[in-house]
Amino acid sequence: MNAPLGTTGLILDEPLLWERGRPGRRGACLPPADVPPSPLDPELCGDGPDFPDLSEVDLVRHFTRLSTWNYGVDTGFYPLGSCTMKYNPKTHERQAALKGFAAAHPLLPASLCQGALQLIWELERDLAAITGMDAVSLQPAAGAHGELAGMLVIHAHHQHQGHQRAKIIIPDTAHGTNPASAALCGYRPVAVASGPEGVLEPAAIEAVMDEETAGIMVTNPNTLGLFEPHIREIAAIVHAKGGLVYADGANLNAVMGIVDMAAIGVDVIHLNLHKTFATPHGGGGPGSGPICVRRQLEPYLPVPRVVKDGDQYHLETDRPLSIGRMGSFHGHFGVMVKAYSYIRSMGADGLRRASELAVLNANYLKEKLKQDFHLAYDRPCMHECVFSDRRQAPFKVTTLDMAKRLMDYGFHPPTIYFPLVVHGAIMIEPTETESKEDLDRFVTAMRAIAEEARTEPETVKSAPRYTKVRRLDEVTAARKPCLVG
Amino acid sequence: MRYLPHTPEEIQEMLAVVGAESLDQLFFPIPPACRRQSALELPAPLSEWALDARMDALAARTAVAPQAKVFLGAGSYDHFIPAAVDALAGRSEFLTAYTPYQPEISQGTLQAIYEYQTLACRLMGTEVATASHYDGATALAEALLMAIRKTGHRRVAVSRLVHPHYRQVAATYLHPAGYEIVELPYRPDGTTDLSTVEAEPDLAAVAIQSPNFFGCIEDLAAGAAAAKGVGALLVAGFTEALAYGLLKSPASQGAEIVAGEGQSLGLPRSFGGPGLGMLGTRQAHVRSLPGRLVGKTVDQEGRQGFVLTLATREQHIRRERATSNICTNNSHCALRAVMYMAALGGTGFRELAVLNHDKAAYLKQALAAAGHRVPFTRPIFNEFVVDFGTGFEAVHRRLQDAGIVAGLPLEADYPELAGCYLLCATETASRQDLDLLVKEVSR
């Protein structure tokens with residue numbers, strides 16, 4: 001390695017959970033039995049699950065050691081494109097753990113949960129203000145769940161209009177979840193290619209939009225990190241044929257306080273609180289994927305709705321046009337507490353400044369890296385930029401190789417092989433919480449890898465070396481699945 | 001702002017590299033007509049300390065123990081959570097990582113989820129379990145869609161004793177694509193009436209929850225036989241995962257798919273979410289499963305390691321033909337669950353389940369002894385229905401004002417049960433609490 005950039009520290013071994021412990025140990029206290037035993041009919045009883053018995057120390061060592069094999073935002077730079085891996089403030093964890101939130105039962109009578117209802121109501125208003133939309137539902141549990149809710153709203157709208165439609169337009173730059181979410185509503189995706197500039201062209205939409213098409217699912221800024229400049233014209237084409245515009249708001253972090261989603265013709269947009277609003281991803285969730293809609297679509301939003309009546313809040317379920325309930329209770333309230341804390345800490349100017357610096361950081365990396373890496377679309381970008389491995393191809397070094405080599409330099413790799421429209425894509429989203437010196441360290445590492453690709457390609461192709469495990473056999477894992485120990 | 005590291009000088013240096021004169025100029029690709037005309041209208045930003053004060057004030061306006069005595073279950077249960085679970089789950093290496101797409105630097109999450117899948121299987125009796133779904137309701141809806149894919153049939157029969165919210169979510173998921181849900185009635189003893197199943201054509205699934213919404217333990221083996229008789233799969237649901245510390249596991253009773261809520265496994269109630277959707281089935285059905293899976297494999301040097309696997313079922317590969325649209329799931333909740341299951345161990349988990357049953361049985365007997373009718377005779381786990389009579393509403397409200405929630409009124413979801421309430425008692429309720437409740441509702 002050319003520079004002392006990374007870490008090659010202490011890597012611990014740790015067996016599987018059930019290879020630890022002894023029967024009869026325990027790692028948790030039970031309260032004393034202060035009521036008489038009341039044996040259940042033995043016919044109904046099983047033997048109880050075969051869990052290993054561990055002491056509290058066994059438990060703590062096991063999971064602490066496992067945690068050291070992970071890389072999080074708190075560990076270092078995590079430029080995973082499309083995922084907005086910004087810093088997750090510590091105060092959020094304090095707020096969500098407050099007893100009045102964490103211990104609240106979801107079916108408390110309204111008079112006994114005014115604080116929780118007020119928080120949901122205010123967060124809905126804040127998200128409406130940020131997007132420019134009129135009404136918000138915090139029911140959806142994640143981005144794809146928000147997409148599904150949004151598609152169901154569009155489906156319900158067409159149903160109410162008296163004519164259900166069969167198709168939905170999805171550009172080739174869309175997130176993979178988009179077609180799957182649309183399919184759950186019975187819609188057939190119609191793919192549309194983006195133009196040579198990496199953005200959608202109105203003529204391409206005009207050519208496919210008809211009265212059998214429910215609308216369009218568009219990500220703006222798109223997955224190439226480019227703002228769709230023709231979005232208003234495209235929305236007008238879709239609206240003229242009675243369709244609706246669904247926006248995937250996964251990339252909202254580029255445009256807070258800058259773009260008005262209603263002004264660009266969006267009818268429904270989902271947000272990812274676990275991206276834009278700084279709630280932690282937790283190694284794959286829980287997230288929260290609220291949807292924001294225009295006034296005329298509000299009747300279709302999921303139930304229950306939080307309603308403010310004077311200075312009192314309550315839940316309403318009697319909404320005949322609603323798409324129905326999306327989850328067991330009221331969505332991921334614990335995640336909402338964190339997003340609310342974020343918005344109230346940042347304020348209007350702070351959110352706009354976050355978007356400005358996210359865009360600055362992405363453009364800075366784009367300029368610094370484009371001498372060494374092929375830039376798929378050399379245009380000013382928003383919050384992320386997409387390179388490819390074209391310049392490394394002559395040395396038979398791929399995007400995957402370079403991603404793995406970045407780990408040896410102590411960085412989490414960018415998103416790779418997405419978006420699909422760029423062959424060998426390297427999608428970099430730095431976010432606003434990274435300082436210039438962290439970006440510069442990343443640039444140094446990327447340039448070092450580009451140099452290694454030219455001079456010692458085997459080093460890159462055999463990476464990573466300094467991780468807990470090296471490249472894993474994913475083919476056998478899928479062919480002969482071992483999912484349970 | 002303490003989360004934004006840039007100094008004014010650095011901003012100028014970086015703008016110079018980019019070739020822009022101001023931050024505003026970075027946004028020139030956005031046409032003016034797409035721009036906001038004014039600043040966002042949001043409340044003024046709060047310091048860390050002012051935020052604490054605001055959140056303390058909001059949190060103070062919900063009724064929680066010890067000031068309040070809340071005898072509610074109905075899909076969200078009060079259990080003690082060991083401090084070790086909070087401390088370990090709070091480690092930021094777990095908390096601030098993304099989905100483990102890069103396995104070499106995600107082995108902590110991956111091994112933990114593999115361990116979760118394993119313990120979840122041991123609990124449900126299944127051969128495989130997914131890495132997690134959003135919650136019990138969406139897990140059940142996905143299980144029904146899976147049964148539809150598996151059988152090619154287009155209708156599902158769902159017991160009226162499945163949690164009402166879960167049935168509503170199933171309708172949200174199934175109706176737009178044209179699938180039909182028929183309801184199975186219940187019998188006077190508080191369990192599902194399976195007698196209508198054999199007359200239902202084109203059934204993909206028979207869905208039964210046990211313990212059911214009335215707290216009664218269902219005969220899942222009878223449900224499996226009824227389903228099998230019409231070429232359908234038994235989908236067994238649950239809202240209280242702890243029950244399987246005591247009861248026979250659902251898969252051992254013939255359930256082909258098991259789907260339920262794991263909130264009881266170390267997750268705070270958090271006003272209903274995030275929870276943990278648990279979903280398991282037989283190995284033979286694994287390629288029809290929705291949701292993420294972690295598998296064991298080896299690295300190029302032969303060392304044990306873990307990866308996300310069978311991705312060809314998933315949305316980012318199969319797109320509109322995927323088994324589900326799920327992407328981000330509730331991984332961190334599954335992590336808490338495996339920590340909790342391991343903290344209790346098999347021995348502790350069994351004892352805790354027995355204690356829950358004893359507490360609820362004590363309360364049930366004490367209420368019956370005080371003259372309240374218990375309408376359903378089937379054995380229960382930690383919740384049950386009591387008929388306080390139609391005049392009880394005023395008492396319920398009076399107690400509520402005193403911070404006692406004497407159960408969930410059932411009339412809204414079961415109009416025939418006016419005056420009936422669903423009560424729950426877990427290990428967190430002391431005998432004193434239970435005696436107090438009996439005294440208050442019997443005055």
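Every number in this text was worked out from the coordinates using simple rules, so none of it is lab data. Quick caveat, the model's predicted, so the values are computed rather than measured. Glycine also receives a Cβ, built like all others from the backbone with ideal geometry; neighbour counts cover every protein chain displayed.
Once Lys and Arg get +1 and Asp and Glu get -1 on their Cβ, which of A:P413, A:A425, A:L357 lies farthest toward the positive end of the dipole of the stretch A:348-469?
Of the candidates, A:A425 comes out farthest on the positive side.
Would you mind ranking A:K404, A:K368 by Cβ crowding within 10 Å, fewest neighbours first?
Values: A:K404 25, A:K368 19.
Going from least to most buried by this count: A:K368, A:K404.
Between A:V192 and residues 5 or more places away or on another chain, which pairs have amide H atoms under 5 Å apart, with H built 1.01 Å from N, and which residues are they?
Long-range HN contacts for A:V192: A:I170, A:D172.
Mind giving me the nanometre distance, one decimal, between the label points for B:S430 and B:R287, set 7 Å out from Cα along Cα→Cβ?
My value for the distance between the label points is 5.8 nm.
B:F28 versus B:F80, label points 7 Å from Cα toward the beta carbon: distance in nm?
6.6 nm
Starting with the highest mean, order B:397-404, A:285-292, A:108-115, B:250-257 by the number of other Cβ atoms within 10 Å, averaged over the residues of each peptide.
Details: B:397-404: 14.4, A:285-292: 30.8, A:108-115: 19.8, B:250-257: 24.9.
My ranking of the peptides, most packed first, is A:285-292, B:250-257, A:108-115, B:397-404.
Using packing as a proxy for protection, rank A:44-55, B:7-18, A:322-333, A:222-233 so that the peptide with the highest average count of other Cβ atoms within 10 Å comes first.
Numbers: A:44-55: 18.9, B:7-18: 14.3, A:322-333: 27.4, A:222-233: 23.5.
Put in order of decreasing packing, that is A:322-333, A:222-233, A:44-55, B:7-18.
Using a ≥ b ≥ c from the Cα gyration tensor of chain A (square roots of the eigenvalues), is it rounded, prolate or oblate, where a/c under 1.5 gives rounded and otherwise the larger of a/b and b/c decides, a/b for prolate?
Numbers: a/c = 1.67, a/b = 1.01, b/c = 1.66.
Oblate is the answer for chain A, as a/c is 1.5 or above yet b/c matches or exceeds a/b.
Going by average Cβ density within 10 Å per residue, which order do the peptides B:31-40, A:137-146 take, highest to lowest? Present the calculation step by step, with values, prior to reporting the outcome.
Working: B:31-40: 13.1, A:137-146: 29.7.
Listed from highest to lowest mean packing, they are A:137-146, B:31-40.
Taking every residue in B:371-377, how many Cβ atoms of other protein chains lie within 10 Å of its Cβ, on average? Intermediate values should be presented prior to the final figure.
Numbers: counts 0, 0, 0, 0, 0, 0, 0.
Mean partner shielding for this stretch: 0.
Could you calculate the FRET efficiency of B:R303 with A:S55 from 1/(1 + (r/R0)^6), where r is the beta carbon distance between them and R0 is 22 Å, rounded to 0.05? Intermediate results must be reported in sequence, preceding the final value.
On the way: r = 27 Å, r/R0 = 1.24.
FRET efficiency, B:R303 to A:S55: 0.20.
Give me the percent relative contact order of the stretch A:191-350, please, defined on Cα pairs under 8 angstrom at least 6 residues apart. Please list the in-between numbers first.
Numbers: 224 pairs, mean separation 25.0, N = 160.
Answer for the stretch A:191-350 is 16 percent.
Would you pull out the residues with amide H under 5 Å of B:L233's amide H, same chain only if 5 or more places away, H placed 1.01 Å from N?
Residues meeting the amide H criterion: B:A205, B:V206.
List the relative contact order of the stretch B:97-340 as a percent without decimals, with contacts defined as Cα pairs under 8 Å and 6+ residues apart.
Details: 540 pairs, mean separation 64.7, N = 244.
After rounding, I find 27 percent.
Could you state the number of Å between the C-alpha centres of the stretch B:373-390 and the stretch A:139-217?
Spelled out, the Cα-based centre of one part sits 48 Å from the other.
For the stretch A:367-391 and the stretch A:46-83, what is the centre-to-centre distance using only Cα atoms, to the nearest Å?
One Cα centre to the other: 36 Å.
Return the loop-located chymotrypsin sites (Phe, Trp or Tyr not before Pro) in the stretch B:377-443 (DSSP other than H, G, I, E, B) with at most 15 other Cβ atoms within 10 Å of their own Cβ; answer none if there are none. Intermediate values should be presented prior to the final figure.
On the way: sites: B:F381, B:F384, B:F388, B:F392, B:Y421; in loops: B:F381, B:F388.
In loop regions of the stretch B:377-443 (DSSP not H, G, I, E or B), there are no sparsely surrounded chymotrypsin sites (Phe, Trp or Tyr not before Pro).
Taking the Cβ of each residue in A:K366, B:K439 as the centre, tally the other Cβ atoms inside 10 Å and list the residues starting with the fewest. Each step should come with its number before you reach the end.
Numbers: A:K366 24, B:K439 11.
Listing A:K366, B:K439 from fewest to most nearby Cβ atoms yields B:K439, A:K366.
What does the C-alpha gyration tensor say about the overall shape of the protein assembly as shown? Classify as rounded when a/c is under 1.5, otherwise prolate if a/b is larger than b/c, or oblate.
Prolate is the answer for the protein assembly as shown, as a/c is 1.5 or above and a/b outweighs b/c.
Please give the average number of partner chain Cβ atoms lying within 10 Å of the Cβ of each residue in B:132-138, rounded to a whole number. All intermediate terms of the calculation are to be shown ahead of the outcome.
Values: counts 3, 2, 14, 8, 3, 6, 7.
Per residue, the number of nearby Cβ atoms from other chains is 6 on average.
Too long at a 30 Å Cα-Cα cut-off: which of A:K99/A:K308; A:K241/A:K338; A:K90/A:K480?
Details: A:K99/A:K308 24 Å; A:K241/A:K338 40 Å; A:K90/A:K480 41 Å.
Table pairs above 30 Å Cα-Cα are A:K241/A:K338; A:K90/A:K480.
Using a 7 Å offset from the Cα along the Cα-to-Cβ direction at both B:D401 and B:R373, what is the distance between the two label points in nm, to one decimal?
Here the modelled spin labels are 2.8 nm apart.
Rounded to the nearest 0.05, what FRET efficiency do A:H239 and A:D309 give with R0 = 41 Å and r taken as the Cβ-Cβ distance? Could you check?
Values: r = 34 Å, r/R0 = 0.83.
About 0.75, to the nearest 0.05.
Which residues does a label at B:E9 reach in the stretch A:344-377, if reach means a backbone N under 20 Å from a point 7 Å past the Cα toward the Cβ?
Flagged as within label range: A:361.
Tell me, A:K370, A:K436 in order of fewest to most beta-carbon neighbours within 10 Å? All intermediate terms of the calculation are to be shown ahead of the outcome.
Details: A:K370 13, A:K436 19.
Ranked by crowding around the Cβ, least crowded first: A:K370, A:K436.
From the square roots a ≥ b ≥ c of the eigenvalues of the alpha-carbon gyration tensor of the stretch B:47-158, which class results: rounded (a/c under 1.5), prolate (a/b over b/c), or oblate? Intermediate results must be reported in sequence, preceding the final value.
Details: a/c = 2.15, a/b = 1.36, b/c = 1.58.
In terms of gyration-tensor shape, oblate.
Dipole of chain B, Cα-centred, from +1 at each Lys and Arg C-beta and -1 at each Asp and Glu C-beta, to the nearest 20 debye?
On the way: 38 positive and 46 negative charges, 171 e Å.
I would put it at about 820 debye.
What does the average come to when, for each residue of peptide A:433-442, you count the partner chain Cβ atoms lying within 10 Å of its Cβ? Walk me through the numbers on the way to the answer.
Working: counts 6, 3, 5, 9, 2, 1, 2, 0, 0, 0.
Mean number of neighbouring Cβ atoms from other chains: 3.
Test of the criteria: in the stretch B:296-380, which GluC sites (Glu not before Pro) are in a DSSP loop and have at most 10 other Cβ atoms within 10 angstrom of their Cβ? All intermediate terms of the calculation are to be shown ahead of the outcome.
On the way: sites: B:E301, B:E314, B:E320, B:E351; in loops: B:E301, B:E314.
For GluC sites (Glu not before Pro) across the stretch B:296-380 that sit outside H, G, I, E and B with at most 10 neighbouring Cβ atoms in 10 Å, the list reads B:E301.
Which FRET efficiency, nearest 0.05, do A:S435 and A:K370 yield, Cβ-Cβ r, R0 22 Å? Don't skip to the answer; put the middle values down first.
Working: r = 21 Å, r/R0 = 0.96.
Rounded to the nearest 0.05, the efficiency is 0.55.
Go ahead and collect, in residue order, the members of the stretch A:288-328 whose backbone nitrogen is under 19 Å from a label point 7 Å along the Cα-Cβ direction of A:A263.
The answer is A:293-295, whose backbone nitrogens lie closer than 19 Å to the label point.
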